[in-house]
1. Label the stretch 137-204 by shape, choosing from rounded, prolate and oblate, from the square roots a ≥ b ≥ c of the eigenvalues of the Cα gyration tensor; if a/c is under 1.5 it is rounded, and otherwise prolate applies when a/b is larger than b/c, oblate when it is not.
2. Who wins for biggest fluctuation among 227, 316, 122 in a Gaussian network model of the chain, springs between alpha carbons below 10 Å?
3. Report the gain in length on full extension from residue 152 to residue 61: 0.36 nm times residue separation, minus Cα-Cα distance, nm rounded to one decimal.
4. Between (1) 30, 49, 18, 4; (2) 28, 52, 19, 2, 0; (3) 24, 46, 22, 6, 2, 0, which entry matches P(r) over Cα pairs in 20 Å bins from 0, in percent as derived from the coordinates of this structure?
5. Given the C-alpha centroids of the stretch 269-315 and the stretch 156-231, what is the distance between them in whole angstrom?
6. Taking the mean number of other Cβ atoms within 10 Å as a proxy for protection, how do you rank 10-20, 257-267 from highest to lowest?
7. Taking the chain as a Gaussian network, Cα atoms linked when under 10 Å apart, which of 32, 150, 273 shows the biggest mean-square fluctuation?
8. When the chain is treated as a GNM, springs tying every alpha-carbon pair under 10 Å, which of 242, 92, 311 comes out with the largest mean-square fluctuation?
């Protein structure tokens, strides 16, 4: 309450809270009064408290997300995908090109990823591009190519769903359905993904807070799908040296708030190839459950994001260093 709020002001609000079935605990200090509220959060937060002149501010104490929270489930969620597992203490590598261009490119990249120790293979068949004139992906043809790469290497496939109308199609081919940053708050899509029997990789929106990110995951869990992988991929700041700013602090923060596994995408976070290996090491040290990186057999010829894609040799060298660091940190 504002300084100087009267007894009548306080009694009016307490009475209003009782009407919606909430308990009101009034704490009077020397200068200010605080009303602590216990009850149905949704009903309470719908009340127009800040419209009352005597109210200074309303502060939600309980977290708005429930199913994704540590309060709901203290044990970390581990999500098996093929022979890999995301969460549960290990550090999983997802690698592959930004977009599927042709079968030769994808199969070569998948073989290299498998040989170096990656657990999953990524590739975009549908590409969300800022410009409508940029390469938009091969669609179902790209999904078929990814399926052939899986048959050859055994690596499970991670690929993005752009539209709620494509969920059924992508689900027929992919092992993990990815929700991109631009779709993080596409609530209709999130609800539909909650009915799918596939793990969902949910990228953080470029301007999303951690709470908004976790609330997006809540949409999926609420419909019954608890196999959600959170992916920090950089947020938009004033910095222009990199494409986005990788929020390393989000890793331990989210792991303290939620039981869901957290991975990092340093390729999209920075847009700079040379920054990917050190940020993968930083993610490992910060406690992430894995990373997703872009790797292309010939980055100069890539139709999408060649500047941030590791070469096969770069990826192989990075994996050697990550294995050393993982061993030092006692991680798998």
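All of the numbers you see were taken from the coordinates with simple rules; none came from a lab. Source: prediction; values computed, not measured. Every residue, glycine among them, receives a Cβ derived from its backbone with ideal geometry; neighbour counts consider all protein chains shown.
1. Values: a/c = 1.96, a/b = 1.78, b/c = 1.10.
It comes out prolate by the Cα gyration axes.
2. With Cα springs under 10 Å in the chain, the top fluctuation among 227, 316, 122 is at 316.
3. 27.6 nm
4. Only one listed value fits the structure, namely (1).
5. 22
6. Details: 10-20: 14.6, 257-267: 25.5.
Ranking the peptides 10-20, 257-267 by packing returns 257-267, 10-20.
7. Among 32, 150, 273, the largest mean-square fluctuation in the Gaussian network model of the chain belongs to 32.
8. With Cα springs under 10 Å in the chain, the top fluctuation among 242, 92, 311 is at 242.
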